[in-house]
Every structure is written in C-alpha cells, then in structure tokens.
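Below you'll find the structure, written out as structure tokens, and then a few comments.
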Amino acid sequence: MSLIDIHSHLLPKVDDSKLSKFSFSKMMKTYREAGIENLCFSPHINDPYVDTKMDKIEPTFEWASEKAKKEGINTYLGCELYITEGEIPQKFYPHFSRYVLCETNVDFAPKCYLDSLRKIKDKGYEIIIAHIERYNWLNPESETFRVMKEELGVLVQINASSSRTSKANEYLTRGLVDFIASDNHGKFELPKLLAETLASNPRVYQKMNNFIKSI
Ligand SMILES: [Fe+2]
C-alpha cells in the first residue's frame, strides 16, 4: 500500500526548506524507495519566524510536481498555517482543499487560540494540528485539548522524528494520533524513518490508509 507524507517543506527557496533544486529529484527517489508515493508540500504561512515567498509557492509547486511525477511521486499543495494573535490570513492552501494544517507557538497558546481554530472551522475546513507533541502548554488531559477534540474535531499529527518522545507517546497510547509525517526540511533519512515509524504504529498506519482512500 502506498503511503502519504502530509507535512513537508521541500519546495526549494520558498520557505525555510534546506532542499536545493539540484537535489530535489534525489529526494523524490528517496521517497519512492521508502514506499511513500504521495507527498504534500506544506510551506509555512503566517509564521513570524519564516520569510515565506508567497509569490513563489505556486510556480515552484508546478516545477516540483513535474519533477516528482518523473520519479513516480504524486504531489499535492497544502500549507502549514501559523496561528498568531492576529487575524487569519486571507491566502492559504488547505490540503486537498479541505484540511488546514495548523501550527503555533510551542511555549504558550496565543490569546484566542480556540477562537482562531473556530474561525477556520466556520469557513468549512477541517483542522490538523501539526506536530502536537511540541506544544508544552497542551496535553491530552487538558481542557483546551478536550475542546479541540470534542467541539472542533481536530485531527492530530506527530512528527516521525519525535514519535518516541514521552509527549508523543501520551497521544499515541490514547489512540489520538491521526497522522505521522516527516516535517521534512531537506533530510534524506526522513522518508525511510517515516515508513518505519508507520510500520511500528499500525493503528495510525490504518487511519492514514483510510485517509488516502477518502481523498
Ligand atoms: Fe512544518
């Protein structure tokens, strides 16, 4: 069964990706060899720490898709939307026109965080919380998480590279993880690590297979 990576920063010179155009095809080969034939590009949007070239996203995605196709990889354009205390930007790219991968500050929740998520939901999108294991202010027992899950129906993603941390484990053991992804900024070892991590987490693997069938 083909796999999917829903979180990557592999569009050269668009955000903080370390991958060059020169090495792009080699990276796509690495994905195919790992058995991952579906790849979402998710450039940072609205991240106060990353200077994303918004005007380069679409043309670079077109270039990347052509290259990836030659290596047998299906590509999709999404984004990683940073939730701040300000307004949600007008322009962003939901995965498959429906799912918004959201990140925010790891040390504190922005004021009105839940309201911001509600606004996204009210626009008709589903929310995926990116690398949930990073948020020091959030845990599966917290009231904030209860609202996120029960009221807003958020989906949860963890990074393969931190899947063995105690924080990730808190979500994994409760069956709360919907996606494991690479958050790959240009590391060639990550596709294989993602495939191995999915193999050792069959519950998440099954959810992701169902997700692929639904898109
Ligand atoms: Fe990311």
Any idea which residue in the range 70-88 is farthest from the chain's Cα centre (by Cα), counting only those that are crowded, with 17+ Cβ neighbours inside 10 Å and of a type in the set (Asp, Glu)?
GLU71
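Could you please let me know if ASN136 is of a type outside the set (Val, Ile, Thr), modelled with pLDDT of 95 or more and either buried (at least 21 other Cβ atoms within 10 Å of the Cβ) or within 16 Å of the ligand (Cβ to nearest atom) (or both)? Step through it out loud before you land on a result.
Numbers: of a type outside the set (Val, Ile, Thr): yes; modelled with pLDDT of 95 or more: yes; either buried (at least 21 other Cβ atoms within 10 Å of the Cβ) or within 16 Å of the ligand (Cβ to nearest atom) (or both): no.
Criteria not met by ASN136.
Do we find a residue being farther than 27 Å from ILE212 by Cβ, more than 16 Å from the ligand (Cβ to nearest atom), free of Cβ contacts under 8 Å to residues at least 24 places away in the same chain and not in a strand (DSSP E or B) anywhere in the range 22-29?
First, pick out the residues of the range 22-29 that are farther than 27 Å from ILE212 by Cβ: 22.
The next check asks that each one be more than 16 Å from the ligand (Cβ to nearest atom); those that pass are 22.
Still in the running and free of Cβ contacts under 8 Å to residues at least 24 places away in the same chain: 22.
Remaining after also requiring not in a strand (DSSP E or B): 22.
Yes, some residue in the range 22-29 is farther than 27 Å from ILE212 by Cβ, more than 16 Å from the ligand (Cβ to nearest atom), free of Cβ contacts under 8 Å to residues at least 24 places away in the same chain and not in a strand (DSSP E or B).
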All but one of (1) under 16 Å from ALA109 (Cα atoms); (2) part of a helix (DSSP H, G or I) hold for LEU138, so report the exception by its number.
(2)
Selection status of TYR82, within 18 Å of LEU155 (Cβ to Cβ), away from the ligand (no atom under 16 Å from the Cβ) and at pLDDT 95 or above
no
Can you find, within the range 96-113, the residue that is nearest to the ligand (Cβ to nearest atom) among those that are assigned to a loop (DSSP other than H, G, I, E, B) and among the aromatic types (Phe, Trp, Tyr)?
PHE96
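The values are calculated or read from the model by the stated rules, or taken from the named source; none is laboratory data. Remember, it's a predicted structure, so these values are computed and weren't measured experimentally. In this analysis, Cβ positions are derived from the backbone assuming ideal geometry, glycine residues included, and neighbour counts consider all displayed protein chains.
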